[in-house]
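J.: One structure, as structure tokens, below. Some questions next.
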Amino acid sequence: MHTILITGGAGFIGQNLVHAWRAARPQDRLVVVDAVTYAANLRSLEPLIAGRDITFVKGDINDAVLLRGLFEEHRFTRVAHLAAESHVDRSIDDPEAFLQTNVLGTFTLLKAALDHWRATGTLERCRFLHVSTDEVYGSLGSDDPAFTENSPYRPNSPYAASKASSDHLVRSFVATYGMPALITNCSNNYGPYQHPEKLIPLMIIHALEGKPLPIYGDGSNVRDWLHVSAHCDALINVIERGRIGETYNIGGGNERNNRDVVGLICDALDRAFAADAKLAARFPACTAASGKSCRALISFVSDRPGHDHRYAINASKLEGELGCRSDVGFDDGIGRTVHWYLDHEEWWRDITSGAYKAWIDKNYGFRIAV
Ligand code: NAD
Ligand code: TYD
């Protein structure tokens, strides 16, 4: 049995990891630390917190005193570090919080874990998993081979640079202090509980509300889409069986350009409306409610500065060493995700009705149609 600290457990991947961990390892004790920023949502964790199935602490990973107290109280043997500022467009608009949380916060957490594990003589029995992104490797050309764990670091956005810095800190703690840490670099996730600021939920929700679907540039940018359930399976495997000091790339094997992703979402929504007459009454502004494809809402807008052209992951190390492979096909995963958002309207309405509106005005107000 282990006691696990999950940072950022109220975010998109964090919530999914909490549920996946409880299903896979019900004997383990989970403690979530999360600052509950705009990106957090506690709704799916509330029953677990109320039932004392997990412990939830609202707190900042920059708070060294809080972290020291938590390590002393719970004596964690595993840390899964997911807390971060995670949205590229926000990092372009205002990078400071990214440096504070992603770089300094990671440092503070690493130090708290190392100090505690050294003081208690448990370093050899413990493991620290740092969850990072493929964006640290920069951008690929259309014909370049996919990123491997040996690809050079070439971050292009403040977000990617802050995650690259945190990866380097983790690596240095392994080499210098013998920190029992592992790093994962994964591709774009999608699935339940993703914040509506990210491409896939944004497009689903805009289509339901009959708003334009804003594709940056010409929509030829490619991402390798990884369903969050496959990602969480891989994370549990890496923290348990990965080799200390190693990096593992995690990908979905689903490279798609943004035009195709948005087209698939529109097709899935069109099919859902055709199959269920009640949807037209719930979402009357959606073009599909009047029998017209959601594709009519697609709008090409000015590009993101420094927009990486392509990410692709070579996940053969993860598969070869740990036998993990994503088995979620993209068409199936998108269909399920569209239905999840249709079934969880209250969840996303809560988010989109608040301060999020101001972000939408800020990020899309200045973009002109191209
Ligand atoms: P998210 O933005 O949905 O959630 C991040 C969580 O961290 C939120 O709950 C937020 O409240 C919390 N947080 C932020 N600052 C904090 C602080 N200072 N102290 C404590 N908690 C804080 O992000 P996500 O999509 O779930 O991503 C999780 C991790 O996975 C991140 O490290 C991200 O860089 C990485 N990642 C995500 C993706 C993706 O596609 N979502 C891809 C690659 C890597
Ligand atoms: P995003 O979900 O922000 O993830 P990331 O930037 O980390 O890859 O964006 C995914 C892709 O979708 C990226 O190429 C930018 C593009 N995009 C749009 O075209 N329009 C949008 O409104 C958003 C949010 C993203």
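The values are calculated or read from the model by the stated rules, or taken from the named source; none is laboratory data. Note that the structure is a prediction, hence the values are computed from the model and not measured. Virtual Cβ from ideal backbone geometry, glycine too; neighbours counted across all protein chains shown. Side chains included, ligands, DNA and RNA excluded: accessible areas come from the protein's heavy atoms. Shrake-Rupley method; radii C 1.70, N 1.55, O 1.52, S 1.80 Å.
J.: Using 0.36 nm per residue, how much length does the chain from Leu322 to Ala358 gain when fully extended, once their Cα-Cα distance is taken away?
T.: On the way: separation 36, 0.36 × 36 = 12.96 nm, distance 4.38 nm.
Extra length available between Leu322 and Ala358 comes to 8.6 nm.
J.: If I stretch the segment between Ser299 and Ala97 completely, what's the gain in nm (0.36 nm per residue apart, minus their alpha carbon distance), one decimal? It would help to have the intermediate numbers written out before the result.
T.: On the way: separation 202, 0.36 × 202 = 72.72 nm, distance 3.05 nm.
So the chain would gain 69.7 nm between Ser299 and Ala97.
J.: Kirkwood hydrodynamic radius of the stretch 73-220 from all distinct Cα pairs, in Å? Mind showing how you got there, number by number?
T.: Numbers: mean 1/r = 0.0579 Å⁻¹.
Result for the stretch 73-220, one decimal place: 17.3 Å.
J.: Going by a ≥ b ≥ c, the root eigenvalues of the Cα gyration tensor, does the stretch 257-324 fall in the rounded group (a/c under 1.5), the prolate group (a/b larger than b/c) or the oblate group?
T.: Values: a/c = 4.25, a/b = 1.70, b/c = 2.50.
Note, shape of the stretch 257-324 comes out oblate.
J.: Here is a further query. Report the label-to-label distance for His307 and Ser142 in nanometres (one decimal), using points 7 Å from each Cα along the Cα→Cβ vector.
T.: Going by the 7 Å Cα→Cβ label model, 1.6 nm.
J.: Could you work out the per residue convex hull volume over the alpha carbons of the chain, in cubic angstrom? The partial results should precede the final answer.
T.: On the way: hull volume 48.8 nm³, N = 370.
Convex hull volume per residue, Cα atoms: 132 Å³.
J.: State the percentage of accessible surface on the stretch 44-163 attributable to carbon and sulfur atoms; use a 1.4 Å probe and exclude ligands, DNA and RNA.
T.: Details: 2640 of 5500 Å².
That fraction is 48 percent.
J.: What do you get for the angle between helix 356-365 and the principal long axis of the chain? Use alpha-carbon atoms, 0 to 90 degrees, nearest ten.
T.: 60
J.: I need the phi-derived Karplus couplings for the stretch 313-320: 6.51 cos²θ - 1.76 cosθ + 1.60, θ = phi - 60°, integer Hz, Gly and Pro marked x.
T.: Calculated HN-Hα couplings, in order: 10, 9, 9, 5, 5, 4, 5, x Hz.
J.: Let me ask something else. For the full complex of protein chains and a 1.4 angstrom probe, list His307, His130, His168, His344 by accessible area with the highest value first.
T.: His168, His344, His307, His130
J.: Please list, in order, the residues from the stretch 306-347 whose amide nitrogen is less than 19 Å from a point placed 7 Å along the Cα→Cβ vector of Ala281.
T.: Counting backbone N atoms under 19 Å from the label point, the list is 342-346.
J.: Please list Glu209, Glu255 from largest to smallest accessible area, probe radius 1.4 Å, with all protein chains kept in place. Don't skip to the answer; put the middle values down first.
T.: Values: Glu209 50, Glu255 80 Å².
Output order, biggest surface exposure first: Glu255, Glu209.
J.: Let me ask something else. Give me the number: length gained by fully extending Thr37 to Asp331, i.e. 0.36 nm times residue separation minus the C-alpha to C-alpha distance, one decimal in nm. Kindly include the intermediate steps, with their values, before the conclusion.
T.: Working: separation 294, 0.36 × 294 = 105.84 nm, distance 3.16 nm.
Stretched fully, the Thr37-Asp331 segment lengthens by 102.7 nm.
J.: Compute the distance from the alpha-carbon center of the stretch 333-353 to that of the stretch 255-329, in whole Å.
T.: Result: 13 Å between the Cα centres.
J.: What cysteines in the chain have no other cysteine with a beta carbon less than 4.7 Å from their beta carbon?
T.: Those would be Cys126, Cys186, Cys232, Cys286, Cys324, since no other cysteine Cβ in the chain comes under 4.7 Å of theirs.
J.: Leaving ligands, DNA and RNA out of it, rank Val170, Val370 by accessible area with a 1.4 Å probe, largest first. Could you put the intermediate results ahead of the total?
T.: Details: Val170 0, Val370 110 Å².
Heavy-atom accessible area, descending, gives Val370, Val170.
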